[in-house]
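The values are calculated or read from the model by the stated rules, or taken from the named source; none is laboratory data. Since the model is a prediction, treat every value here as computed from it, not as a measurement. When we count neighbours, we look across all protein chains shown, and the Cβ atoms used for this are built from the backbone with ideal geometry, even at glycine. What goes into the accessible areas is simple: the full protein's heavy atoms, side chains included, and nothing from ligands, DNA or RNA. Shrake-Rupley method; radii C 1.70, N 1.55, O 1.52, S 1.80 Å.
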Amino acid sequence: MVALDETRLADLLRRANRGDAAAYADFYRTLLPALRQIAHGVVRTVGGRPSDVEDVVQETMIAIHLKRHTWRESEMVGPWIRAISRYKSVDVMRRRGRHGASVDIDVVTETLAAPTIEDPTARTDLERYVSRLGGKPGAIVKAIGLDGQEIVEVARRMSMSEGAVRVALHRGLRKLAALRTQEAD
Amino acid sequence: METEKLIAALSQDAALPQRSLVQRQLAAGSIAVVVAFCAFALFVGPRSDIASALETPRFLLKPVLTLLLFAAAFFALARAIRPGSKPGSAQAALLIAPVFLGIAVITEMTIVPSAQWGEKMLGTNAMLCLTVMPALSFGPLMAFLWFLRQGAPTHPARAGAIAGLAAAGLGATFYALHCTDDSPLFVTVWYPMATAIVVTVGSLMGRRLLRW
């Protein structure tokens with residue numbers, strides 16, 4: 001099973017829940033290798049391509065983000081992360097229909113995989129979806145997610161308050177997840 | 001999109017939304033009770049002899065069993081909505097109502113002569129039970145599916161089935177106040193059948209509605 005630093009991750013996520021952005025970014029960076037391993041295991045099991053791994057990882061991160069209220073601070077964070085990661089990995093691969101139709105979430109086991117080499121410039125699925133997001137939330141997700149701008153910058157450029165940008169960002173991320181689920185149907 | 005930029009975007013949205021899942025579940029539970037009660041009061045109503053029925057153990061056993069089922073399933077919903085939580089005691093609690101019903105059936109069979117078993121089992125309201133009970137459960141089922149959508153059930157069909165069980169528990173509680181068949185022999189045949197209808201609908205709807 002993929003190793004997760006329970007104490008550290010739980011601490012970071014607890015701080016993130018109270019609005020600590022730096023801790024939240026740290027949480028994902030700490031988690032990233034494990035997410036890649038789990039995704040890699042699933043992708044390989046269903047016969048996907050290595051390039052699918054990063055899509056799966058990004059989807060998993062968005063899922064963790066949008067569903068983080070389902071983690072109880074008093075409980076272990078590891079089993080929660082594993083369950084989400086497996087569910088999303090299977091879900092993404094199933095949606096792609098690459099031998100995925102018969103993937104059973106209970107059958108997929110995590111395998112210790114060699115770390116994959118990622119091409120950081122590769123255009124991922126997420127990018128396609130972001131380009132389909134409309135309105136202010138779309139512009140804001142694009143500015144922050146694709147162009148790497150800061151909230152302060154975006155707020156100034158779009159003459160919005162920082163709070164409003166945050167709300168729009170949150171709405172955009174939710175819409176992003178919704179777009180992907182819709183496409184599955 | 002580069003993963004590092006995604007992390008930056010997500011971290012800008014760190015603070016957790018205010019309303020907790022527990023609050024949402026209580027809201028869904030309240031809505032479910034109110035909706036089922038309204039449907040019952042408007043379209044079904046209690047049986048005419050409810051006052052005297054309340055004094056008979058056979059009648060009282062019905063809402064007790066259905067409420068036990070509801071409570072256990074409601075408890076199981078809280079687990080089903082959180083990824084990685086173990087079903088454990090919640091799953092065991094679901095067996096309480098069937099076990100009690102089994103004891104009641106055996107007791108009934110020792111009291112009632114075997115010649116009357118068939119008659120007691122068929123009762124007079126079988127079709128009503130199979131239609132009215134699921135109908136009363138429909139509103140609660142929607143409320144519980146709505147609740148599950150707020151969370152992250154990793155087994156959508158199973159979670160939908162649990163929502164169906166909770167809804168059936170509520171629907172059956174109200175239906176029991178209307179039905180004049182009180183024998184555990186009737187209850188053990190028709191109530192589970194009506195429950196199975198709701199659970200099947202819940203499971204099928206869950207598969208479609210609960211993906212995330």
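Scanning segment A:147-162 for residues that are in a helix (DSSP H, G or I) and open to solvent by less than 40 Å² (accessible area, probe 1.4 Å), we see that the one that is farthest from A:Tyr87 (Cα to Cα) is A:Ala155. Quick check on segment B:87-104. Is at least one of its residues among the β-branched types (Val, Ile, Thr), at pLDDT 95 or above and open to solvent by less than 60 Å² (accessible area, probe 1.4 Å)? So far as segment B:87-104 goes, no, none of its residues is among the β-branched types (Val, Ile, Thr), at pLDDT 95 or above and open to solvent by less than 60 Å² (accessible area, probe 1.4 Å).
Exactly one residue among B:Glu2, B:Glu108 is in contact with a Leu (Cβ under 9 Å, 6 or more places away or on another chain), surrounded by 15 or more Cβ atoms within 10 Å (Cβ to Cβ) and within 12 Å of another protein chain (Cβ to nearest Cβ), and that residue is B:Glu2. Test B:Leu68 against the criterion of being part of a helix (DSSP H, G or I) and more than 12 Å from the chain's Cα centre (by Cα), and give yes or no. No, not satisfied. Return yes when A:Gly48 is open to solvent by 10 Å² or more (accessible area, probe 1.4 Å), at positive phi and not basic (Lys, Arg) and no when it is not. Answer is no for this residue. In segment A:144-156, the residues that are touching a residue at least 24 places away in the same chain (Cβ under 8 Å) form Cβ pairs under 8 Å with partners that are in a helix (DSSP H, G or I) and open to solvent by less than 10 Å² (accessible area, probe 1.4 Å), at six or more places apart or across chains, as follows: A:Ile144/A:Ile151; A:Ile144/A:Val154; A:Ile144/A:Leu169; A:Ile144/B:Ala9.
Rundown of residues vs (1) in contact (Cβ under 8 Å) with a residue 40 or more places away in the chain; (2) closer than 25 Å to A:Ala21 by Cβ, yes/no style:
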| position | (1), (2) |
| --- | --- |
| B:Glu2 | no, yes |
| B:Gln25 | yes, no |
| B:Ala28 | yes, no |
| B:Ser48 | no, no |
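Picking from residues in segment B:76-86 that are of a type outside the set (Gly, Ala, Ser) and buried (at least 16 other Cβ atoms within 10 Å of the Cβ), the one that is farthest from the other protein chains (Cβ to nearest Cβ) is B:Leu77. Checked against the criterion of being open to solvent by 10 Å² or more (accessible area, probe 1.4 Å), of a type in the set (Phe, Trp, Tyr), part of a helix (DSSP H, G or I) and closer than 30 Å to A:Pro79 by Cβ, segment B:136-156 has at least one qualifying residue. If the condition is being more than 14 Å from A:Met61 (Cα to Cα), crowded, with 17+ Cβ neighbours inside 10 Å and of a type in the set (A, V, I, L, M), then segment A:17-37 contributes A:Ala21, A:Ala23.
If the condition is being over 20 Å from A:Arg14 (Cβ atoms) and out of contact with any helix residue (DSSP H, G or I) (no Cβ under 7 Å at 6 or more places or on another chain), then segment B:4-31 contributes B:Glu4, B:Leu26, B:Ala27, B:Ser30.
With respect to B:Val199, is the statement that it is farther than 21 Å from B:Leu54 by Cβ, in contact (Cβ under 8 Å) with a residue 12 or more places away in the chain and out of contact with any Gly (no Cβ under 9 Å at 6 or more places or on another chain) true? Spelling it out, it is not the case that B:Val199 is farther than 21 Å from B:Leu54 by Cβ, in contact (Cβ under 8 Å) with a residue 12 or more places away in the chain and out of contact with any Gly (no Cβ under 9 Å at 6 or more places or on another chain).
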